[in-house]
1. If we keep just the residues of region 400-453 that are surrounded by fewer than 19 Cβ atoms within 10 Å (Cβ to Cβ) and of a type in the set (Gly, Ala, Ser), which is farthest from Ala332 (Cα to Cα)?
2. What about Ile237, is it under 13 Å from Ser188 (Cα atoms) and without any contact (Cβ under 8 Å) to a residue 60 or more places away in the chain?
3. Is it the case, given these coordinates, that Thr146 is β-branched (Val, Ile, Thr), in contact (Cβ under 8 Å) with a residue 40 or more places away in the chain, in contact with a strand residue (DSSP E or B) (Cβ under 7 Å, 6 or more places away or on another chain) and closer than 30 Å to Lys5 by Cα?
4. Any residue in region 27-53 that is in contact (Cβ under 8 Å) with a residue 12 or more places away in the chain sitting within a Cβ distance under 6 Å of a residue that is among the hydroxyl-bearing types (Ser, Thr, Tyr) and part of a strand (DSSP E or B)? List the pairs, counting only those 6 or more apart or interchain.
5. Can you tell me how many residues in region 513-560 are within 16 Å of the ligand (Cβ to nearest atom), charged (D, E, K, R) and not in a strand (DSSP E or B)?
6. For region 259-303, give me the residue count where each residue is part of a loop (DSSP other than H, G, I, E, B) and of a type in the set (Lys, Arg).
7. Kindly indicate whether any position in region 208-220 is closer than 20 Å to Leu41 by Cβ and of a type outside the set (Val, Ile, Thr).
8. When the residues of region 475-512 are narrowed to those that are of a type in the set (Lys, Arg) and either in contact (Cβ under 8 Å) with a residue 60 or more places away in the chain or in contact with a Cys (Cβ under 6 Å, 6 or more places away or on another chain) (or both), which ends up farthest from the ligand (Cβ to nearest atom)?
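The values are calculated or read from the model by the stated rules, or taken from the named source; none is laboratory data. From a predicted model like this one, the values you see are computed outputs, not experimental measurements. Because the Cβ atoms are built from the backbone with ideal geometry, glycine has one as well, and the counts that use them run over all protein chains shown.
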Amino acid sequence: MAKKKKITEKNLPDCKYIFVVGGVISGVGKGVTASSIGRILSDRGQRVTAIKIDPYINIDAGTMNPVEHGEVFVLDDGDECDQDMGNYERFLGIDLSRTNYMTTGRVYQSVIERERNLQYGGSCVQVVPHIPLEVIRRIEEARIKTKANVVIIEIGGTIGEYENILFLEAARMMKLKNPSSVFFVMVSYLPIPSNVGEMKTKPTQHAARTLNSSGIQPDIIVARSKMPLDEKRKEKISMFCNIAQDRVISAPDVESIYDIPINFEKEGLGDIICEVMGMTCSIVPNENSKKWAKFAKSAHTPKKELKIAVVGKYFNNGDFTFSDSYLSVIEAIKYSAYTCHVKPSLTWISSLDFEKDPKSVKKLSQFDGIIVPGGFGSRGIEGILMAVEYARINKIPYFGLCYGMQMMVIEYARNVLKLKDANTREVNPDSKNLVIDVMEDQKEKIEKKKMGGTMRLGAYPAKLKKGSVAGDAYGLDTISERHRHRYEVNNSYKDALEKAGLVFSGMSPDGMLCEIAELPTNVHPFYLGTQFHPEFSGRPLSPQPLFTAFIKACIKNKKK
Ligand code: GLN
């Protein structure tokens, strides 16, 4: 058999670029569509990478409120980005880097820096072409870095907005230069007004025309709707959007997003994309696609339900997006639950409720497990501490993620070490017992209000204690997980906490930073917190080990 030639930067494969744009309304699943197309193509043997373009001015997503904008996803290299980057990593099973993420802010920043460095050689620097050219340069940079032969680029926002027009212009310029390598998928939405009861194609027609006015013709239209599209709708879209009928793909609502790549294949999308792009792709089903199908099926099969309470402070907003703020947590729970053949049922509990009515903390007894996810600031903290204490005393499996680990340590210091005013500097800098304190290198940043992209961010290694809950769950001596925090366990309390029974089972390799805290299994069935965010490394085909250990403990707890 001929040996496969190693891909280096000098012999990069020819590349196809698939732009995914959204029409009609936002929130119809552009990110999942882009991820699913990536999954289909990687199952068919292509080397796929994905780029997210966000039209806002922010340099990254780190400074934005997750309740309004969704989760801030963190990459290995510490980039704080849009939650869609998490979808790409999960669907594609790859690690991405900051090269795969751009915002209007980043693009302008580069152009302005270059202008200040006289790199434009005296010419007038203009919005067009210099901004789109920088967008194209960044897409190329990502292609080269990832050595991909398919680059999927999702342009945020909706067609017709001012904000993303320059990104569409970049895409148009790429198509003009290389027509056989650049393709457009328009994800659209077909409403079914309740008074009419009929699926309407008009908004999609308008979206296609608006896209046309940017000089772009969609190659494929993914038509999202509540129901599958009938032939009549496909015919209409074909006629009025100037597109072959078989290139209109029906994408009805689904129970599990992981069915989408499978549904797309059923609709012929894989074959169509390969044909449209003139690429030879391996056929499906194959080993890869079967693995995915097996996982997707596992989402539907479990009968037994596991009741998990997620306790935090963001849940009182009464809007639709709060669960988006914890997207990776939700998905990581699912992967581990599915491998254990159970279905997670999450209940979002606002810790403010416990503060108002301390007795109500008892309602946690009906849950098989409790999670306290990451968070910032002082609101709702006392309520969270009540939940943490309740979980510890009543031996309910508890999993603390970042802030959830810091809360564990504060609760232990207050109620076991009897340091009644134990706290974190973030909440009460005047406390005499700051068991959680600011990291040394963060002090100046906070003082000078240098807050953007300055936390301890991204993947750092940790050494695990043999025989600990964490050590057994990972089965490794050293791990690497992603972080996003400014505060840490104060080492001057470490000995006292350990003597009182808390185990620091994960430490930074220099022994200076506590990365995991836990109680031994003879004391508590599962009581563990991580300074890092294990949820960012949960993948459908390789669930995160600590989430799996937590789920197993919840199952055991349920049986009791
Ligand atoms: N607010 C805490 C810190 O900055 C925890 C952060 C988090 O949960 N991501 O250290």
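1. Filtering first and then ranking leaves Ser431.
2. Values: under 13 Å from Ser188 (Cα atoms): yes; without any contact (Cβ under 8 Å) to a residue 60 or more places away in the chain: yes.
Answer is yes for this residue.
3. On the way: β-branched (Val, Ile, Thr): yes; in contact (Cβ under 8 Å) with a residue 40 or more places away in the chain: yes; in contact with a strand residue (DSSP E or B) (Cβ under 7 Å, 6 or more places away or on another chain): yes; closer than 30 Å to Lys5 by Cα: yes.
Yes.
4. Note: pairs meeting the criteria are Val28/Tyr189; Lys52/Tyr101.
5. Within region 513-560, residues that are within 16 Å of the ligand (Cβ to nearest atom), charged (D, E, K, R) and not in a strand (DSSP E or B) number 1.
6. Filtering region 259-303 for residues part of a loop (DSSP other than H, G, I, E, B) gives 267-268, 278-286, 299-303.
Add one more test, that the residue is of a type in the set (Lys, Arg), and what stays is 303.
Residues flagged as part of a loop (DSSP other than H, G, I, E, B) and of a type in the set (Lys, Arg) within region 259-303 amount to 1.
7. Initially, region 208-220 is screened for residues closer than 20 Å to Leu41 by Cβ, giving 218-220.
Remaining after also requiring of a type outside the set (Val, Ile, Thr): 218-219.
Yes, some residue in region 208-220 is closer than 20 Å to Leu41 by Cβ and of a type outside the set (Val, Ile, Thr).
8. The initial filter retains those residues of region 475-512 that are of a type in the set (Lys, Arg), namely 482, 484, 486, 494, 499.
Going one step further and asking which of them are either in contact (Cβ under 8 Å) with a residue 60 or more places away in the chain or in contact with a Cys (Cβ under 6 Å, 6 or more places away or on another chain) (or both), we end up with 482, 484, 486.
On the way: Arg482: 10, Arg484: 5, Arg486: 4 Å.
Restricting to residues being of a type in the set (Lys, Arg) and either in contact (Cβ under 8 Å) with a residue 60 or more places away in the chain or in contact with a Cys (Cβ under 6 Å, 6 or more places away or on another chain) (or both), the top hit is Arg482.
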